[in-house]
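Have a look at the structure below before the remarks.
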Amino acid sequence: MMRRLGIAGMIATLVLLAVGPARAADVVPGATVEERAVNGAKAYLKKLGVEKLDLTMMMVSLFAKAQPKYLDEWEKLTGIRIKTIEYGYTEIPAKIMADAVAKTGQYDIYNHQMYMLPDAVEAGVVIPLDDFAARGQPYFDDIPKTLRSEMYYKGKLYTFFTDGDQTVLALRKDLVELPQARAAFKAKFGREPGCPDTWKQWEELASFFNGKKGQNFYGITLEKDLYGAQEYRAREFGYRWWQGRFSSKNKLMFDRNMKPLIDGPEGIETTREMVSLTKYMPQDVFGWGTPQNYPFFAQGNSFSISTFPSIVGYANKAQGTVISGKILPCVVPGSVVKGKLVRRSVQPAGTNYMVSKYSKHPEAAYWFLQWFTGPEMGNRAVADPDGFWDPFRPSQGKDPKIAEKYGSKDFVTITLENARIAVPMIPLQGNREYFDALDVNLQEAFHGRIAPEEAMKRTARQWEKITDDIGRKRQIEAWKYVVESGAYLDAEGF
Amino acid sequence: MAPTSTPKDSELRVTLRQWLERESVFRVLPLLPVQLLILSLLAVPFLLTIYISLLRWRITRGFWTAAPWGGVTNFVEALTDEDFLYAVLRTFVFAGFAVAFELLIGFGLALLTYREFRGRRVYLTVFLIPMMIIPVVVGYDFSMLLVDTGPLNSVLSVLTGQDVRIRWMSDYRTAQVAVVLADIWQWTPLTFLIFVSGLSALPPEPIKAARVMGATRGQVFRHVQLPLLKPVIVIAVVIRAMEALKIFDMPMLLTQGGPGNATETLSIFLWRNAWVFNKISYAAAASLLVLVLFSGVIFLSIWLLKRERAQLEEVRP
Amino acid sequence: MRRGRVAAGLRHAVLGAWVLVVLFPVFWMVLTSFKDAGDWVSWPTRWAPFVDFEPTLLNYRQIFYIGGTTQSGELRREAAEQAYVIWKGMADSVVIVTIASVASLLLGSALAYAISRFGTGGRNYPYTILTIRMLPPIVVAIPMLIYYTSIPELFANLGGARVEFFDTYSGLILLYIATTLPYVIWMMLAFIDEVPRELEHAARLMGAGRLSTIGKVVFPLVASGMTVTLLFVFILNWSEFLLALTLSQPKVLTLPVLLNKFQSAVEGRLYGPQAAIGTVVTIPVVILGFLIQKHLVKGFSFGMIRR
């Protein structure tokens, strides 16, 4: 028996030895990630025997201004021309799903937000990139575990991370530094005003730093009404911020059997906090998306805002801003759990490039993905003032051009710290159904129509139904991968 | 030799015309292209929709040919789904208000403009404009107008002397009003046009006859003009009601069905289930229920309206 | 005479009020298209150009990407592409909608005549055909997608040529005809029903054939009705979004689909550029309205003069 194994083993080893080096030799030559991508693309074209190739990318219309120059550069380097067809980001999910049904093969690359990945994979319309990555050797080890987990679904690689939308809290530096205000605040709360550690502290800041037009505010006269806080409360937005706050209670949203944990005390507390903070916001906030929230803050109407990181660049440089240079970016606050401060941000959007299953040249599409999201190119994209890609790689903290784009060096350090603690939104199939249930109930709570407890109870009930409808076993399996990948750091409840 | 060819051609032409003149041909020929088009283009997708509604298909569960059988499960689920039932209720309320106002205003405007007078052309041109603007554009426009710090509140403030800050798009009640108002603005031109067309096509004899017999203007209107207008009124109601029940663009653009679910009409509900949640089978089942419901309502109203007309015709000699 | 004056004055007052209601949103849109970001939603509202705010062409430049409006300078490739896309959207829409609407009108009117005079299709035909319009198109879009993308295979198997339907002009045109026929039939049926058969009988007795009877007797009387129907169908097709979104792009691009892209541009609404697009797209429509209105008036008076 042993002898037979021995001989079999020897043969196996010999085979492996023969095949092994050959496998390693599959790695595309090139010193950097980008170089390998270019070489890989060129080799592919050579294999096909052509000099040029046309690909099509379904792209979010947001990037219509910024993307083309990179596509031109790629074409010059490799001969692969990528044509873009733009859609608004509200239509792209539908179009991707339509492609899953129609299988037209029209698109090689889909571009959307990160949360789209699970549905796209389950619909069978995108392919895993592990094999290509083994040859191309992209580098993502330096980005936080939380963000890196979003590139995978059920253990396989599908996309690369290229846009750190992790939320940030921005305060008005000029107000926080008013000497009289500082003294009064310290007298009232026992500490100096500044970046808060906890959500409660943020609310305390909001309760203090507000006033009416014409009022004498600790030495200055307010030119207009000053609101204490701003945060998204509108449909399609509110639920994203909720997830970050909830995660700061260090609890998972589902347990290992996909039972929702959001209707427990942590979930109720989160909702209560958000409802409570609303009283310091302009009541119009219920209908505001980014184009309303951003100018409102930039025109000096409120003291603080919790939103996408691009607010800092906007408030510093946009037309009509009156608070340029007066912004204090903060690491997102957290909650005290078992004596420890747990800060959590959330990654509410992000940018995602996936390769279509019906593409005729998936390998060519892959090489573009690797090239564009590589450390060098990725940094250039983030530094691009026309684009909406935001920092997420540690190396981007040292890039002066990136600091220049946002008008603030501290900001880049802060947002990178937020990246480290940014949890993804539920990365499961059917996530938009879960989001919608949460969103609608949160809206009811925000408007004061139902109590937070009731809102969370209803949401949990609906979530159970959704899980059952999708298939509990599948969700349990997928959720296991998510939790074990470290996406939610050390949150409890599994 | 030339004369021989011409008689043959004209013979052919005559035969074609004669053939067309035959009643049996005349009555069937127009039907053919229409039926062909409808059957080949619409019948298959419709049958497919029915089939899909009997499955339990989600796009994320593979191709529809591999989806499990569901039977009536989807239908039962829809009928017990609160969101669906509320959407039905909401849609009927919206459509009801919107169509009622569009009929009244359209009719009123038509009464004032169907006869020739100075400046009529200007009014006609202007009144047509709203319905010819693409709904997406109307959507942007109204979302600009209805902003809390927008011109509508501004005008209302001037008119009432107070600082009006109605949150049109983020308050449950006012959002619903906003959707109805936007629909009225956009589609009154249609009812207006239909009524103008109908009023101006009324034969003058019965009216003259009634006036000669001493009827007042009001009586002429009620007992002569209105009954004659019945078919036109039916058209206006049917067409507007059918489109209003399917309203999608405006609430979608203004509030995305929000705040909460306040402006989620049936079309938005179906869109959300089909395109956002990928629950195609469920959406198909729900939409078939909707089809049955709409058909029932529309046909009932037509029957009621036509019945009145028939009764009237029996009275007149 | 005095009463006439007062009545006329009242009429103008009422009509004038509605004119204000109609034009107010249009006016606001045009105004916003010339405003800079800070003025879009300011309170108190900025009404008058040059008095309350500085008008600017920034928004128009942005939607046509002329000259570039960002720090990064000119972007030649997109400037041309952007302008091309807008014109293509308009051209595609005009072609598709015009052909579909006219064809639908002709086919539907012919059938409506047959139904009115001969009861073609049976008593319930108009009702069954109306049900087509009662199904919300959203859900049918996916089965249509499946069907349209598999048509080439079906035809190829039947030995015919490869007939492409998805993302083609003819595909969308035929679909628009099919979906508007119910309305054409219904509306024309009502208008044709109003024409007394005696008139036609009289003409036939005097020796006229069917076709010339229709041409000389029926047609003039329903002309205004036909114009209204055509206008309605045109508008329905012009604004049709869902089916076009699902079944076309990128070769075929209609205006509603194109405009929707701009709407979702920055997670919501950039009022200025959207107002600019809205204005650009509305101007031809207003011109069209003016032209049509003249014909509508002619149609009405034609009908009345005949009587």
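All of the numbers you see were taken from the coordinates with simple rules; none came from a lab. Note that the coordinates shown come from a computational prediction; the quantities given were computed from them, not determined experimentally. Here Cβ is always computed from backbone atoms with ideal geometry, including for glycine, and neighbour counts include all displayed protein chains.
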How big is the charge dipole of the protein assembly as shown about its Cα centre, in debye rounded to the nearest 20, if each Lys and Arg gets +1 on its Cβ and each Asp and Glu gets -1 on its Cβ? 2200 debye
Filtering chain B for DSSP H helices with an axial alpha carbon extent of at least 24 Å and a Kyte-Doolittle mean of at least 0.5 returns B:82-113, B:172-200, B:226-245, B:280-315
Scattering curve values for chain A, log₁₀ I(q)/I(0), Debye with Cα scatterers, q = 0.07, 0.09 Å⁻¹: -0.41, -0.66
Looking at B:112, B:73, B:88, which one has the Cα that reaches farthest to the positive end of the dipole of the range B:45-119 (charges on Cβ: Lys, Arg +1; Asp, Glu -1)? B:112
Which pairs, out of A:224/C:35; A:65/A:405; A:212/A:279, put more than 20 Å between their alpha-carbon atoms? A:224/C:35
Partner aspartates and glutamates whose C-alpha sits under 15 Å from that of residue A:326, ignoring same-chain residues fewer than 8 away, are A:174, A:177, A:410
Which of the listed residues, A:254, A:303, C:244, is farthest toward the dipole's positive end in the protein assembly as shown, when Lys, Arg count +1 and Asp, Glu count -1 at the beta-carbon? C:244
With only alpha-carbon atoms counted, please give the Rg and Dmax of chain B, in Å. 26.1, 94
Hey, can you grab everything whose amide H is under 5 Å from the amide H of residue A:198? Only 5+ residues off in sequence or another chain; H modelled, so Pro and N-termini drop out. A:334
Just to be sure I understand the model, the point goes 7 Å from the Cα along the line to the Cβ. What's the resulting residue A:492 to residue A:322 distance in nm? 4.8 nm
What list of whole percents do you get for P(r) of the range C:164-224, with Cα-Cα distances grouped in 10 Å bins up to the one holding the largest distance? 20, 32, 24, 17, 7, 0
Between residue C:5 and residue B:212, how many nm apart are label points set 7 Å from Cα along the C-beta direction? 3.4 nm
Give me, ordered by chain and number, the residues 5 or more places off residue A:492 or on other chains with an amide H under 5 Å from its own placed amide H. A:251, A:252
Roughly what angle does helix A:472-484 make with the longest principal axis of chain A, taking Cα atoms, 0 to 90 degrees, to the nearest 10? 80 degrees
Where does helix A:265-277 land angle-wise versus the long Cα axis of chain A, in degrees 0 to 90, nearest 10? 50 degrees
For the range A:69-188, list log₁₀ I(q)/I(0) at each q in 0.21, 0.23 Å⁻¹, using the Debye formula over Cα point scatterers of equal strength and ignoring solvent, two decimals each. -1.41, -1.47
Write down, largest first, the equivalent ellipsoid semi-axes of the range C:76-263 in whole Å, where each equals the square root of 5 times an eigenvalue of the alpha-carbon gyration tensor. 37, 20, 15
Taking H as built 1.01 Å from N, whose amide H comes closer than 5 Å to the amide H of residue A:345, not counting residues under 5 places away? A:421, A:422, A:423
Treating each Cα of the range B:81-192 as an identical point scatterer and ignoring solvent, apply the Debye formula and state log10 I(q)/I(0) at q = 0.14, 0.19, 0.21 Å⁻¹. -0.73, -1.12, -1.20
To the nearest 10 degrees, how steeply does helix A:431-446 sit against the main Cα axis of chain A, on a 0 to 90 scale? 0 degrees
Does the range B:17-153 classify as rounded, prolate or oblate by the C-alpha gyration tensor (a ≥ b ≥ c root eigenvalues; a/c under 1.5 gives rounded; else a/b over b/c gives prolate, otherwise oblate)? oblate
Backbone N within the range A:194-220 under 16 Å of label point (7 Å from residue A:186 Cα along the Cβ vector): A:194-195
Which values, in whole Å and largest first, are the semi-axes of the equivalent ellipsoid of the range C:198-262 obtained as the square root of 5 times each eigenvalue of the Cα gyration tensor? 44, 12, 7
Please list, or write none, the aspartates and glutamates whose alpha carbon is within less than 16 Å of the alpha carbon of residue B:230, excluding same-chain residues fewer than 8 places away. B:308, B:313, B:314, C:193, C:194
Stokes-Einstein diffusion coefficient of the range A:305-417, Kirkwood radius over Cα pairs, 25 °C, 0.890 mPa s, in µm²/s: 152 µm²/s
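Take the residue pairs A:52/A:76; A:156/A:480; A:173/A:409; A:46/A:360; B:208/C:216; A:42/A:103 and return only those whose Cα atoms are more than 21 Å apart.
B:208/C:216; A:42/A:103
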Return the equivalent ellipsoid semi-axes of the range B:206-317 as a descending list in whole Å, where each equals the square root of 5 times an eigenvalue of the C-alpha gyration tensor. 44, 17, 8
Label 7 Å along Cα→Cβ of residue A:216; the range A:172-187 residues with amide nitrogen under 16 Å? A:179-181, A:184
Stretch residue C:153-residue C:61 to full length: gain in nm at 0.36 nm per residue minus the Cα-Cα span? 28.6 nm
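Counting only other chains, what is the mean number of Cβ atoms within 10 angstrom of the Cβ of each residue in peptide B:253-263?
5
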Cleavage-rule hits (trypsin sites (Lys or Arg not before Pro)) in the range A:52-86: DSSP loop, at most 11 neighbouring Cβ within 10 angstrom: A:52
For the range A:357-472, divide the Cα radius of gyration by the Kirkwood radius and give the resulting Rg/Rh value with two decimals. 1.14
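For the range C:76-263, what's the relative contact order in percent, using C-alpha pairs closer than 8 Å and at least 6 residues apart?
After rounding, I find 37 percent.
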In nm, to one decimal, how far is the modelled label at residue A:449 from the one at residue A:395, with both set 7 Å along Cα→Cβ? 5.0 nm
Check: C-alpha center the range A:224-276 vs C-alpha center the range B:209-282, spacing in Å is 40 Å
Would you mind estimating how fast the protein assembly as shown diffuses translationally, via Stokes-Einstein at 37 °C and 0.692 mPa s with the Kirkwood radius over Cα pairs, in µm²/s? 101 µm²/s
Computed E for residue B:155/residue B:25 - FRET, C-beta separation, R0 60 angstrom, nearest 0.05: 0.45
Please report how far the C-alpha centroid of the range B:51-128 lies from that of the range A:311-375, rounded to the nearest whole angstrom. 39 Å
Can you tell which of B:107, B:221, B:92 shows the greatest fluctuation in a Gaussian network model of chain B with Cα springs below 10 Å? B:221
